[in-house]
Amino acid sequence: MLTGKDGWLVLGEGSNMLFTRDFEGAIILMRIQGVNVMKEDDRCVHLQVGAGENWHDFVRYSLSMGWGGLENLSLIPGSVGAAPVQNIGAYGVEVESFILAVDVYDVVDRSVKTITHFECMFGYRDSVFKRAGRKRFIIMRVWFRLEKNRRPVLDYAPLRDHFLAAGNVEPSLMEVSEAVIGIRRSKLPDPAVIGNAGSFFKNPVIDTVDLERLVNLNPTIPYYPADEGIKVPAGWLIEQCGWKGFREGAIGCHHQQALVLVHFGGGRPGDLLELARRIRDSVTAKFSIHLVPEVNIVGEQL
Ligand SMILES: Cc1cc2nc3c(=O)[nH]c(=O)nc-3n(C[C@H](O)[C@H](O)[C@H](O)COP(=O)(O)OP(=O)(O)OC[C@H]3O[C@@H](n4cnc5c(N)ncnc54)[C@H](O)[C@@H]3O)c2cc1C
C-alpha cells in the first residue's frame with residue numbers, strides 16, 4: 001500500500017477527527033455503499049451495510065422499512081463504517097446492541113475477514129478497532145440485526161419528558177427518531193455551520209470510592225451506573241470549572257454543551273489543543289478526575 005511517514009488512515013466523514021498537522025501518508029476515503037437484506041423473519045431482519053453509507057440516512061431508511069433499534073441514534077454525524085469504531089451511543093442506546101459482525105480488510109494478513117460481535121470487544125466509546133485493530137482493520141461492511149416489533153427506549157429523561165409533555169404514552173419509533181433529532185438540533189452545534197467534533201472528552205468512569213469522595217465535596221454531582229463503573233458527565237465537570245460559553249479568538253466551548261469545543265473559523269489547531277489542555281487540567285485540579293479525549297487526534301496529542 002502507498003504510504004508516507006504516517007502510514008495510512010481510513011476516513012469516513014471526518015466528523016470525529018482533529019488534525020493538528022497535515023497527515024503524511026495515504027488517506028483511504030471509505031465509500032462502499034449498499035444496504036442488503038441477508039435474512040428476514042417475523043421478528044427481525046439481518047442487514048449487511050456498506051461502510052461508506054451515511055449513518056443518519058441508514059437509520060432513517062431502516063425506520064421507514066419498519067426495522068427498529070437505531071431510532072435513538074438518529075442524527076449522529078458520520079458513516080456506517082465508523083459506528084463500530086467508537087461504539088457510537090446516545091440517549092441510552094449503544095450501536096453494539098444491533099451489530100452482529102463487521103467485515104474488514106486485514107492489512108496484516110492481506111485478506112477479507114469477518115470479526116464477530118465478541119471479537120469486536122465493544123465498550124464505552126471503545127472497540128478493538130480503536131485498539132489492536134487500529135492500524136490493521138479497514139471496515140468494509142457492518143452486519144446489523146434490527147427488530148420488527150421493537151418498543152421504544154425512553155430511559156433518557158429529556159426524551160421521556162418530551163413524550164410526557166405531549167401526552168404521547170406510546171410513541172412510534174419514527175416519532176422517537178423525530179424527537180431525538182429535535183433535541184439534538186436544539187442542543188448541539190451543526191458541524192456544517194460551526195466546526196466541532198461532538199463530545200471532545202469521554203465521560204469519565206469512576207469507582208465507588210471516588211464517587212463517595214466526589215459526592216461529599218459536591219452533593220449535586222450527577223452520575224449514573226455503567227457497565228464498567230459509575231459514569232460522571234464530563235460536560236457537568238467542565239461547566240463547574242466555568243468553561244461553558246467561554247471563547248478566546250476563534251476557539252471556544254459551546255454555550256449550551258460544555259463538552260463540545262467549537263471552532264468559529266480562522267483558528268489554529270494549536271489554539272484548540274491549548275484550550276483542551278486548560279479544560280482538562282482545570283477538571284483535574286478541581287475534581288481529581290483525568291479527562292481523556294473522545295475525538296481522534298492526528299498529530300500532536302493532548
Ligand atoms: C455534532 C456532533 C455530534 C456527535 N454526537 C455523537 C453522539 O451522540 N454519539 C457518538 O457516539 N458520537 C457522536 N459524535 C461523533 C461522531 O459522530 C462519531 O464518532 C461517528 O461515528 C464518526 O463517523 P465518521 O464517518 O465521521 O468517522 P471519522 O471521523 O471519519 O473517523 C473516526 C475514526 O474512525 C476511523 N474509521 C472511520 N471509518 C472507518 C472504517 N471504515 N474502517 C476503519 N476505521 C474507520 C477513523 O480512522 C477514525 O479513527 C458526534 C460528532 C459531532 C460532530
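The values are calculated or read from the model by the stated rules, or taken from the named source; none is laboratory data. Keep in mind it's a predicted model, so treat the numbers as computed, not measured. Backbone-built Cβ (ideal geometry, glycine too); neighbour counts: all protein chains shown. In case anyone asks, the SASA skips ligands and DNA or RNA and just uses the protein heavy atoms, side chains included. Shrake-Rupley method; radii C 1.70, N 1.55, O 1.52, S 1.80 Å.
Key figures
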item	result
Cross-link pairs beyond the 20 Å C-alpha cut-off, checked among LYS202/LYS286; LYS39/LYS135; LYS130/LYS202	LYS39/LYS135
Amide H within-cut-off set for ILE28, under 5 Å, with H built and near neighbours excluded	LEU9, VAL10, LEU11
Potential extension, ASN216-MET38 segment - 0.36 nm per residue separation minus Cα distance	58.7 nm
Three-way shape call for the range 195-298 based on the alpha-carbon gyration tensor, with the a/c threshold at 1.5	prolate
Residue-normalised accessible area of the chain, given per residue in Å² at a 1.4 Å probe	50
ARG131-SER172 FRET efficiency (beta carbon distance; Förster radius 30 Å; 0.05 resolution)	0.20
Fluctuation leader among HIS56, HIS46, HIS162 - the chain, Gaussian network, Cα springs under 10 angstrom	HIS162
Span-rule helices in the chain, defined as complete DSSP H runs reaching 15 Å or more along the axis (Cα) with Kyte mean at least -0.5	173-187, 269-287
Shape call, the range 240-302: gyration tensor on alpha carbons, a/c limit 1.5	oblate
Prolate/oblate/rounded call for the chain, Cα gyration tensor, a/c under 1.5 rounded	oblate
Förster radius 22 Å - calculated FRET efficiency between ASP207 and LYS187 (Cβ-Cβ, nearest 0.05)	0.15
Carbon + sulfur, % of accessible area of the range 224-266 - ligands and nucleic acids excluded, 1.4 Å	46
For a label point 7 Å along the Cα-to-beta-carbon line of TYR156, residues of the range 259-276 with backbone N under 16 Å	259-260
Helix-only CD estimate at 222 nm, as mean residue ellipticity for the chain, using -39500 (n - 2.57) per DSSP H run (n ≥ 4)	-7500 deg cm²/dmol
Net charge, PHE23 excluded, C-beta distance under 12 Å - Lys, Arg +1, Asp, Glu -1	-1
Only Lys, Arg (+1) and Asp, Glu (-1) charged, at Cβ; the range 123-193 dipole about Cα centre in debye	760
